[in-house]
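Here is the structure we will look at, set down as structure tokens.
The values are calculated or read from the model by the stated rules, or taken from the named source; none is laboratory data. In this text the structure is predicted, and so the values were computed from the model without any measurement. Cβ placement follows ideal geometry from the backbone for every residue including glycine, while neighbour counts extend to all protein chains displayed. The protein model used for the area step is the full one, side chains on, heavy atoms only, and it has no ligands, DNA or RNA in it. Shrake-Rupley method; radii C 1.70, N 1.55, O 1.52, S 1.80 Å.
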Amino acid sequence: MTFDVLFTAPDPSTFNPKNPQTLRPDIPVYNPADAVIDPKTNGLATRDWKFERGNGGEWLINGQTFDPGDPPTVTINPKPPRIDAQIKVGTTEIWRLINGSGGWWHPVHIHRNQFQILDRRQSGSNHIIPLLANEQGLKDVFALEANHELRIITKYTNGPSATQLGQYVMHCHNVEHEDMRMMVIWEVS
């Protein structure tokens, strides 16, 4: 198969892959050298999300399975879903995705925002692993390799309306893990 491009067209976009800020100026761009600095000293909220397997074979995030609450058919005193994090609009957070499940990989999908990877580390040793070219720029799905940790950053903007407030999920995209409730809910307010 071949693709024959028979014309040219102007490209008015301003995105520069070496500078992710050209796509989303509201997301701070960090120098990789900053990755070794504890983000708490920079005043940014940091959350840890550990993906692991429980003793009963269940898939967990931070030691818990997903609790969606009662289904919509329950109309009298329905139990709401468990909210695993409360996030305020306008805040910038660093999330650390930790793979504690042995040899499994987890393609982690985070809804609502795009994130930028700050660094990848070997769990336990804290050894920094260089990022690949496809890990540069903004993402909403991350390959969380066996025994690795990823630090990612985003700013929770509200966009043009209040429609981006509410509850969102993060989950593993391995179908078996997702089906076994390897998921969390957070709320943006």
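Residues checked against (1) within 17 Å of the chain's Cα centre (by Cα); (2) closer than 24 Å to ILE87 by Cα; (3) among the aliphatic types (A, V, I, L, M):
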| site | (1), (2), (3) |
| --- | --- |
| LEU118 | yes, yes, yes |
| ARG121 | yes, no, no |
| HIS127 | no, no, no |
| PRO130 | no, no, no |
| LYS139 | yes, yes, no |
| PHE142 | yes, yes, no |
| ILE153 | yes, yes, yes |
| ASN158 | no, yes, no |
| VAL169 | yes, yes, yes |
- Can you find even one residue in the stretch 32-40 that is at pLDDT below 80 and part of a loop (DSSP other than H, G, I, E, B)? yes
- Query: Where in the stretch 72-145 are the strands (runs of 3 or more DSSP E), entirely inside, with at least 3 residues that are open to solvent by 50 Å² or more (accessible area, probe 1.4 Å)?
  - Reply: none
- Given (1) farther than 17 Å from ILE61 by Cβ; (2) crowded, with 20+ Cβ neighbours inside 10 Å, number of the condition SER189 does not satisfy: (2)
- Message: Among the residues of the stretch 54-69, what is the count of those that are under 19 Å from the mean Cα position of the chain (by Cα) and open to solvent by 60 Å² or more (accessible area, probe 1.4 Å)?
- Response: 2
